[in-house]
Amino acid sequence: MKRQAYRKGKGDARNTAKKTALPLPVTAAAATPKPIEKSAFPTGVERLFTIEQIAQLGARCRASIYVDIKQGRLRAVKFGRSTRVRESDYRAYLESAPLL
């Protein structure tokens, strides 16, 4: 296996040349904010969550989410090797959970 010729921060010609950006003049048109769109998604398009995103939302751990998918409690779709969960299916999954 060949070692890397460049070490991080030492002798790297790419890191030695500092790029400085000149400040751009602020115009009245650039200073006014653009209106915020209501939704980043077009109507009729639903968000898809990865298993990691659902686990970060605090529902359950990643392994438990896969178990729930296998047992049919949570619906998921596959895109090649990637498993995704529709937002509506995730909401239905949360609503079906028992209250403590």
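Using the number of other C-beta atoms within 10 angstrom as an exposure proxy, rank Thr83, Thr50 with the fewest first.
Numbers: Thr83 18, Thr50 13.
Placing the least packed residue first, the sequence is Thr50, Thr83.
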Report Rg/Rh for the range 44-95, rounded to two decimals, where Rg is the Cα radius of gyration and Rh the Kirkwood radius. 0.92
Simple spin-label estimate for Arg47/Ser88, 7 Å along Cα→Cβ, in nm, reads 1.6
With labels modelled as points extended 7 Å from the Cα through the Cβ direction, what inter-label distance (nm, one decimal) is found for Lys70 paired with Leu57? 2.2
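All of the numbers you see were taken from the coordinates with simple rules; none came from a lab. Nothing here was measured: the structure is a model prediction, and the numbers come from that model. Virtual Cβ from ideal backbone geometry, glycine too; neighbours counted across all protein chains shown.
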